[in-house]
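Let me begin by presenting the structure, written as structure tokens, before commenting on it.
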């Protein structure tokens, strides 16, 4: 009889805690199914899904511990235990929490979408040029003009200096046997370039700068803007072939100086 009374007492005492634990575990199962469904559709990456589930598991564990402790120990002891768990959780998951907060801030910055930037990361001397194509919970992905992908932490990106940037290619073109009237020759070439359909690129005749002009040789720089990124090597080769064909009378030598 005492044993029965003792069992009934503990069942009665633990009943609220057991109900909360069952509900929390059920909610965890439902959230896992929802996130799995989103990952299968491509809305979330598997890495993002796994990271979210880690946070959920920590919260579930924390709730179960707190609910259990409230039954077996005094309230002030529960407070002490909860404080220790919170401090321990902050220490163990400091990196994840920091990157998650940066992730939330980045999601609120809608001007980051679909634009190309010059990105100067903290403690880096050279900027990165590219589009921010993905922001995950812990890191973001930047795609440069070549199509190469660079992964940086959300905190770094949040503290970076961003300037809007138009991707461009700088070409150095050397022409020979141009004759005496350099201005007319150059204007004629510009008109020819306008008439030819140079796919995937736009030539800005206002950005032509003469580097050298001596005798029958002319060296100038030309800025070309890709209309689609990333740019493939075959696209650049095709561009150079078309320009060479336009200037073939002058034995052109075309060099790619810069691609940003």
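We did not get these values from a lab; they are worked out from the coordinates using the rules stated. All values derive from a computational prediction rather than experimental measurement. Glycine also receives a Cβ, built like all others from the backbone with ideal geometry; neighbour counts cover every protein chain displayed.
Please grab the % of Cα pairs in region 169-259 that end up more than 15 Å from each other.
Working: 2337 of 4095 pairs.
Counting every Cα pair in region 169-259, those more than 15 Å apart make up 57 percent.
May I ask you to sort 111, 165 by Cβ crowding, counting other Cβ atoms within 10 Å and putting the fewest first? All intermediate terms of the calculation are to be shown ahead of the outcome.
Working: 111 9, 165 17.
Listed from fewest to most nearby Cβ atoms, that is 111, 165.
Arrange the following residues from fewest to most other Cβ atoms within 10 Å of their Cβ: 225, 103, 95. Display every interim value, and only then the final one.
On the way: 225 14, 103 22, 95 11.
If I rank by nearby Cβ atoms, fewest first, I get 95, 225, 103.
Report the extension gain between residue 25 and residue 255 in nm, rounded to one decimal, defined as 0.36 nm multiplied by the number of residues separating them, less their alpha carbon distance. Don't jump to the answer; show the numbers that get you there.
Details: separation 230, 0.36 × 230 = 82.80 nm, distance 6.37 nm.
Result: 76.4 nm gained on full extension.
Can you sort 37, 168, 214 by how many other beta carbons sit within 10 Å, fewest first? Mind showing how you got there, number by number?
Details: 37 12, 168 18, 214 7.
Fewest-to-most Cβ neighbours within 10 Å comes out as 214, 37, 168.
Largest first, please: the extent of the C-alpha atoms of region 110-164 along each principal axis, to the nearest Å.
On the principal axes, region 110-164 reaches 24, 24, 21 Å in Cα extent.
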